[in-house]
Amino acid sequence: ELKNSEIRLLNYPLTKIYPLNNYQIFDATIENLKTYQHVIFISTNAVHFFLERQKKLSIRVPKSLIFSSIGPTTKLLLKRHLSLDIHCPVNTFDSEHLLKNKIFNNVEDQKILIIRGVGGRETLKNNLEQKGAIVSYGECYIRKYVNINLDQLKNDLINYHHKFILFSSTNSAKHFLNQ
């Protein structure tokens, strides 16, 4: 918590999240949840949109499904709403470290659903397919990159001796650098 510290937070979001214009494909995917052995959630946004559609369509989540998340915040959100065990990396929260979990040692011929936004890295899907899994995407939101006012950022930073920038994704960092 930063409230009682000398650290000041300047918030410059690099992305905005939007719902899809049409949920027909996503809805058909989650209506067939029982055909999957494993579901992986990429982000809290993926959980929010999944839960919204699941509730709207009155879909029951099969207890036999294995669930995973990339990060601890996503894991907590899933646990709170689905009351299931969620597999998650321990220290480094990315696809590569999730794949080190023993539940991914023998996934040949398993159907795995990755819930995410439209687009993104292919690392998880590619590595799971190399292990023989049958991987599908359930894309349930759109991530749009926004430009920030660099002059405003510079003015905001001028009063601080130490400056640290935190990027929540590689793609956000690339967008910032390109800008």
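The values are calculated or read from the model by the stated rules, or taken from the named source; none is laboratory data. None of the values given here were measured: they were computed from a predicted structure. Here Cβ is always computed from backbone atoms with ideal geometry, including for glycine, and neighbour counts include all displayed protein chains. Accessible surface areas use protein heavy atoms only, side chains included; no ligands, DNA or RNA. Shrake-Rupley method; radii C 1.70, N 1.55, O 1.52, S 1.80 Å.
Using a probe of 1.4 angstrom, how much of the accessible area of the chain is carbon and sulfur, in percent? Mind dumping the intermediate values first?
On the way: 5740 of 11680 Å².
The nonpolar share, carbon plus sulfur, comes to 49 percent.
Given a Förster radius of 25 Å and the C-beta distance between F93 and V118 as r, what FRET efficiency does 1/(1 + (r/R0)^6) yield to the nearest 0.05? Intermediate values should be presented prior to the final figure.
On the way: r = 21 Å, r/R0 = 0.85.
It comes to 0.75.
The phi torsions of the range 153-169, fed into the Karplus equation with coefficients 6.51, -1.76 and 1.60 and a -60° offset, translate into couplings of 4, 4, 5, 5, 7, 4, 8, 10, 6, 9, 10, 10, 10, 10, 9, 8, 7 Hz, rounded to whole numbers, with Gly and Pro shown as x.
Applying 1/(1 + (r/R0)^6) with R0 = 41 Å to the Cβ-Cβ distance of E52 and H161, what FRET efficiency is obtained, to the nearest 0.05? Intermediate values should be presented prior to the final figure.
Details: r = 44 Å, r/R0 = 1.07.
Efficiency, from the Cβ-Cβ distance: 0.40.
What the Cβ-Cβ distance of H81 and D109 gives, at R0 = 45 Å and to the nearest 0.05, is a FRET efficiency of 0.95. Summarising the amide proton neighbourhood of I134: residues at separation of 5 or more, or on other chains, whose placed amide H is nearer than 5 Å comprise D109, Q110, K111, I112.
Antiparallel beta bridges, as assigned by DSSP with both residues in the chain, represent about 25 percent of the total such bridges. Residues in the range 43-55 carry Karplus couplings, in order, of 7, 5, 4, 4, 5, 4, 5, 4, 4, 4, 6, 4, 5 Hz; the curve used is 6.51 cos²θ - 1.76 cosθ + 1.60 with θ = phi - 60°, and Gly or Pro positions show x.
Under a 1.4 angstrom probe, counting protein chains only, how are E6, E129 ranked by accessible area, largest first? Numbers along the way, then the final one.
Working: E6 170, E129 80 Å².
From most exposed to least exposed: E6, E129.
The chymotrypsin sites (Phe, Trp or Tyr not before Pro) of the range 101-179 that DSSP puts in a loop, and whose beta carbon has at most 13 other beta carbons within 10 Å, are Y160, F164, F167.
With only alpha-carbon atoms in the gyration tensor, what are the semi-axes of the equivalent ellipsoid for the range 24-88, in Å, largest first? Let's see the in-between values first.
Working: eigenvalues 63, 34, 22 Å².
One finds semi-axes of 18, 13, 11 Å for the range 24-88.
Of the residues K144, K102, K154, K125, ranked by 1.4 Å probe accessible area with the largest first, the sequence reads K102, K154, K144, K125. Close amide H pairs (under 5 Å, H built 1.01 Å from N) link I115 with I40, F41, I42, G138, residues at least 5 positions away or on another chain. Accessible surface computed residue by residue for the chain, with neighbouring protein chains in place and a 1.4 Å probe, gives 65 Å² per residue. Per the Cα gyration tensor, the range 59-102 maps to an equivalent ellipsoid with semi-axes of 20, 12, 7 Å, ordered largest to smallest.
Please report, in debye to the nearest 20, how large the charge dipole of the chain is about its Cα centre when each Lys and Arg carries +1 at its beta carbon and each Asp and Glu carries -1 there. So the magnitude is around 320 debye. Between L10 and K154, residue separation times 0.36 nm minus the direct Cα-Cα distance comes to 50.7 nm. Measuring how big the range 51-179 is from its alpha-carbon positions, Rg and Dmax come out at 18.3, 57 Å.
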